[in-house]
């Protein structure tokens, strides 16, 4: 709760560990309503303000991750934040694949520049489906297991492909790592075809 905006409104947000600062956490908050717009306007300039925090609370993602060694997390928009918290908490212990659909280029750029998703999920796949209008400014060294497509996700085929790859035990073949490097600037359709060849390889 932010008493300097409203003393009567509580809003739920997901925190995730800041990979660049030990014992620090981050919040991603979408500017999509009256309350979040006020928050955005008041913290445009760096400041220190009092907040009241209640929690933490387990999410549906967390409950699933506790009971399985392999998981597929599907998120849209700002919903990527509980997924980031999940993969960071279980990094190296669980195999968590990500399917993320998002139309906000700024959010995708912020996450990819701030968090090395590919390194955290090095034994998994991260599929990002971008539906915004402008071109993305991507990191120069995008991890080989992170795929970005300019389309809406075909969830059935993508999830089936991930499951097939996990059960086949093929992992991430070196020759496909090399292909990924070569197609960094290739059309999204071509990247999708190579990505799905990769995850469905038996």
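Every number in this text was worked out from the coordinates using simple rules, so none of it is lab data. Note that this is a predicted model, so its numbers are computed, not measured. Positions of Cβ are backbone-derived with ideal geometry, glycine not excepted, and every protein chain shown enters the neighbour counts.
For 24, 11, which order do you get if you count the other beta carbons within 10 Å of each Cβ and list the fewest first? Provide the component values of the computation, followed by the final result.
Details: 24 10, 11 13.
By the 10 Å Cβ count, ascending, the order reads 24, 11.
Counting other Cβ atoms within 10 Å as a rough exposure proxy, the listed residues 32, 143 run 32, 143 from fewest neighbours to most. Among 8, 130, 90, 40, sorting on how many other beta-carbon atoms sit within 10 Å of each Cβ, with the fewest leading, yields 8, 40, 90, 130.
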